[in-house]
Amino acid sequence: MNIGILGTGHYLPTNVVTNNDLEKIVDTNDEWIRTRTGIKERRLATDEVDTSDMAFHAALGALEEANLKAEDIDLILVATVTPNTSFPSVACIIQDQLGAKNAAAMDVSAACAGFMYGLITAKQFIDTGAYKHVLVVGADKLSKITDWSDRTTCVLFGDGAGAAVVGEVSDGKGILSFELGANGAGGKELYLNHDDHIIMNGREVYKFAVRQMPDSTIKVIEQLGLSRDDVDYLVPHQANIRIMEAARERLGISEDKMAKSIEKFGNNSSASIPMALSEAVKEGKIKDNDLIVLVGFGGGLTWGAVALRW
Ligand code: ACO
């Protein structure tokens, strides 16, 4: 059976926070943020909007694009590091809001690689014949775990959600290969402390990401007996433009073939890959039969890559 993405959706809060706005909060400046990270602005959700609200709207978009009803969904997986609360899961909250009464529901915790873990978990359930349609959402409200007095992290993050409906697609299309990985020993480089704030060793995460993103991309392409020239579109985790550019250059992929939403939205953790994918679909950057690679890394440390034929 060929299993792929039937529809995508994304949601972004309307509240835009520019680098100049952050200059009023911490000792930073627009030039430093732009040159070190590629970020110009980000969206931050207000107090009234929690992770589940963003996940719900992204899910509605994905269902609509897939031309399916909430009742058609057998399983909801929400990748997030910022659930509204530890339980009920965000997946259960949106199961209720969507009216997806036939769906099982759980959250997936793999930080910024969470959507990749969700996507591949969805594929396994469909492969076995247990389920037909799985809704995979990546949603994070990082602003609630950001230390707004720490200039080394607070300039990086934004809030948002992206979603995909996974199901059977026609022959030759869909997910062709994948790689998931973890290195728990690297957990100390990026974690949530007891004050519920993100703590990050930026340089170590940077070194890991610059190596892992191209390595994983090459692995999933070579599993297919293809070369990097065959990649039509790359959707990397939007963590830092320098990490993304280093990966792109190592892969020899031209600039127009890489999703780049970091400038407008910053790093949205679990949401960044499905948001960038959904945006690229809506903008017509991904065409029928294109070979796409989604690749991400995150706290854990975790990573994942998927090659799929659109
Ligand atoms: N504004 C101005 N100056 C700053 C800021 C800021 N916002 N932040 C740090 N600086 C200063 C530092 O204090 C340092 O000053 P010093 O030389 O006087 O000590 C100087 O800038 C350089 O700091 P570095 O940390 O060396 O800067 P670097 O070039 O490494 O960039 C960055 C930092 C952007 C965080 C980079 O290391 C990075 O992107 N790392 C990867 C982060 C990442 O990808 N995280 C993803 C996971 S996030 C998640 O999973 C939720």
Distance in nm between M1 and E23 label points, each 7 Å along Cα→Cβ, equals 5.5
Within the range 23-66, the residues whose backbone N lies under 13 Å from a label point placed 7 Å from the Cα of W148 along the Cα-to-Cβ direction are 23-26, 44-48
Note to self: C-alpha centroids of the range 135-177 and the range 66-122 sit apart, in Å, by 12
In whole Hz, the Karplus estimates of ³J(HN,Hα) for the range 142-151 (6.51, -1.76, 1.60; θ = phi - 60°; x where Gly or Pro) are 5, 4, 7, 10, 8, 7, 6, 10, 9, 5
The answer for the net charge of residues other than D196 whose Cβ lies under 15 angstrom from its Cβ, with Lys and Arg +1 and Asp and Glu -1, is -3
Honestly the range 148-247 on the Cα gyration tensor test (a ≥ b ≥ c root eigenvalues; a/c under 1.5 rounded, otherwise a/b vs b/c for prolate or oblate) is just prolate
With +1 on the Cβ of every Lys and Arg and -1 on the Cβ of every Asp and Glu, the dipole magnitude of the range 100-186 about its Cα centre, in debye rounded to the nearest 20, is 200
Here the range 256-272 yields Karplus 3J(HN,Hα) values (6.51, -1.76, 1.60; θ = phi - 60°; whole Hz; Gly and Pro given as x) of 6, 9, 10, 5, 9, 10, 4, 4, 8, 10, x, 8, 9, 6, 4, 7, 5
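With +1 on each Lys and Arg Cβ and -1 on each Asp and Glu Cβ, how big is the dipole of the range 224-305 about its Cα centre, in debye rounded to the nearest 20?
My answer is approximately 240 debye.
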To the nearest 20 debye, the chain has a Cα-centred charge dipole, built from +1 on Lys and Arg Cβ and -1 on Asp and Glu Cβ, of 560
Protection proxy (average C-beta count within 10 Å per residue), highest first, orders 79-86, 296-303, 146-153, 23-30 as 296-303, 79-86, 146-153, 23-30
Counting only DSSP beta bridges with both partners in the chain, the antiparallel fraction in percent, to the nearest 5, comes to 70
Taking a ≥ b ≥ c as the square roots of the Cα gyration tensor eigenvalues, with a/c under 1.5 meaning rounded and otherwise prolate when a/b beats b/c or oblate if not, the range 3-168 comes out prolate
Percent antiparallel among DSSP beta bridges confined to the range 3-168, nearest 5, equals 65
Projecting the Cα atoms of P274, V16, W32 onto the charge dipole of the chain, where Lys and Arg contribute +1 and Asp and Glu -1 at Cβ, the residue farthest towards the positive end is W32
So, with points 7 Å from each Cα along the Cβ direction, the E255-E48 label distance in nm works out to 4.1
Note on the chain: alpha-carbon gyration tensor, axes a ≥ b ≥ c; rule is a/c under 1.5 for rounded, else prolate if a/b larger than b/c, else oblate; result oblate
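Output the peptides 179-188, 91-100 sorted from most to least packed, where packing is the average of other Cβ atoms within 10 Å over each peptide's residues.
Numbers: 179-188: 14.2, 91-100: 21.2.
My ranking of the peptides, most packed first, is 91-100, 179-188.
Throughout, read-outs are computed from the coordinates displayed, never taken from laboratory work. Just so it is clear, the model here is predicted, and its values are computed rather than measured. Note that each Cβ is placed from the backbone with ideal geometry, even for glycine, and that neighbours are counted across all protein chains shown.
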